Amino acid sequence: DALIGSAERRRAAQMVTPTTWRVSDEMLSAGSSVPGVQYVEEKTLMLVSGASIKLGSDAALGAPAQFLPCPTPYGISCASACWRRGVLAFAEKGLRPAIYVHSFPSLKRVAKLEGGADLEVCALSFARNDPWLFSLSLEPDLSFTVWDWQAGSIVCRGKALNQSVHLLANPSDRHFPAMVTRAAITLWHVRRLHEEYTLDAVQVAPPPADEDEDTVLGALGGGRDDEGAVGFSAIGWGADDTLYASTLSGALCCFEAPSGTEILERRAALPGAASVLTVLRKHILAAVGPAVHFIDLESRALCLTVQLGSAVLTLDLAPSCVSLVAACADGEVRKLVLARPEQIPSTP
């Protein structure tokens, strides 16, 4: 069985083709708060370059590209894109910042959103199927704002407890955005009350490190650098309003939204704390250091590992889900092409 599993993993590895290109200083400002790249449509990437958004081909970021400048000279604090609705957004740096929403590929301004925060915006995330945009500002402001970008207005606002590491809209339901800090996950619930919307929040604490001892921790290979540490490192939405989270001790947990109840039978293991989690069909992709692990959602078994040579900071899937881009700690961007993603094995 071990030999069969090894042969199957070798065949699966041939389905993933990594390519690498360098992000030069001219392409990505050293002062940018957005180190990663995102798909704005199939084969087109966006990244923050100083006081502009750069849009270029995913085949080579150094090729001729479009630039969308920020109307103010202070620079851009963060950006987000929604390929399904053909829009992108970025926040200007500074006090009482505005958020600008543009259509793609025309780059025409759709909205200028103001009044959502007193301090700099540190995170943005679009709802996939509705014209909502979520934003979070820096400490001590910590204003969590829900926008209707089509109407150019605020839907509702709340106060976060801590600054977010990741802010993610739920792809299947706009009412359940989530954010994670090292200490806890915040599951927001946007409720409609008559003609108005209100915000509720549930705080989800990480499981104690010693609860992991009876699981399969370590089964994916490698030790845990943060063994005994308590906290979260990354989150990623799955199907049916389930949220996956990686703990600092290497556990992979699954929580229901909006209650925050953990589904214990889905507890699994990682070689260490993941920097990014994303779901691809029947697998969850977890970036741990320089490796991207493909884990079967049903069996929680490792199916494939791709080594990228440098710690992965961000991952983003193309709309077709046949390629993804990884921004790495060495300043390079790697693109992984899944030649036959439907044939990635479901068991090792």
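Kindly list the residues of the range 242-275 that lie in the label zone of ALA329, defined by a backbone N under 19 Å from the point 7 Å along the Cα-to-C-beta vector. Counting backbone N atoms under 19 Å from the label point, the list is 246-251, 270-275. The 3J(HN,Hα) values that the Karplus relation (6.51, -1.76, 1.60; θ = phi - 60°) gives for the range 185-201 are, in residue order, 9, 10, 9, 7, 10, 8, 9, 9, 10, 6, 9, 10, 10, 10, 10, 10, 9 Hz. Gly and Pro appear as x.
Report the net charge of residues surrounding HIS175, where surrounding means a beta-carbon distance below 13 angstrom and charges are Lys +1, Arg +1, Asp -1, Glu -1.
Residues close to HIS175 contribute a combined charge of 0.
Once the chain from VAL322 to SER103 is taken as fully extended at 0.36 nm per residue, the excess over their C-alpha distance is 76.4 nm. Put simply, when 310-316, 251-257 are sorted by average Cβ atoms within 10 angstrom per residue, most first, you get 251-257, 310-316.
Using the per-residue mean of other Cβ atoms lying within 10 Å as a proxy for protection, in what order, highest first, do the peptides 122-130, 67-75 fall?
The peptides rank, most packed first, as 122-130, 67-75.
Remark on ALA111: its backbone amide H falls under 5 Å from those of VAL101, a criterion applied only to residues 5 or more positions apart or on other chains, H modelled at 1.01 Å from N. Computed from backbone phi with θ = phi - 60° and the Karplus coefficients 6.51, -1.76 and 1.60, the 3J(HN,Hα) list for the range 102-109 is 10, 7, 10, x, 5, 6, 6, 5 Hz; x is used for glycine and proline. For the range 74-119, with all protein chains in place and a probe radius of 1.4 Å, 47% of the accessible heavy-atom surface sits on carbon or sulfur. Under 5 Å from the amide H of ALA184 lie the amide H atoms of PHE232, each residue being 5 or more positions distant or on a separate chain, with H modelled from the backbone and absent for Pro and chain starts. A simple packing score, the average count of other Cβ atoms within 10 Å per residue, orders the peptides 155-164, 326-335 as 326-335, 155-164, with the highest score first. As an equivalent ellipsoid, the range 249-348 spans semi-axes of 22, 16, 13 angstrom, where each value is the square root of five times an eigenvalue of the C-alpha gyration tensor, largest first. Between HIS194 and TYR74, the modelled label-to-label distance comes to 3.7 nm, taking each label 7 Å out from Cα in the direction of the beta carbon. Amide H to amide H, with H built 1.01 Å from N, ARG267 comes under 5 Å of no residue 5 or more places away or on another chain.
The values are calculated or read from the model by the stated rules, or taken from the named source; none is laboratory data. The structure displayed is predicted, hence computed values, not measured ones. A quick note on method: Cβ atoms are made from the backbone with ideal geometry, for glycine too, and the neighbour counts reach across all protein chains shown. Heavy atoms of the whole protein, side chains included, go into the accessibility calculation; ligands, DNA and RNA do not. Shrake-Rupley method; radii C 1.70, N 1.55, O 1.52, S 1.80 Å.
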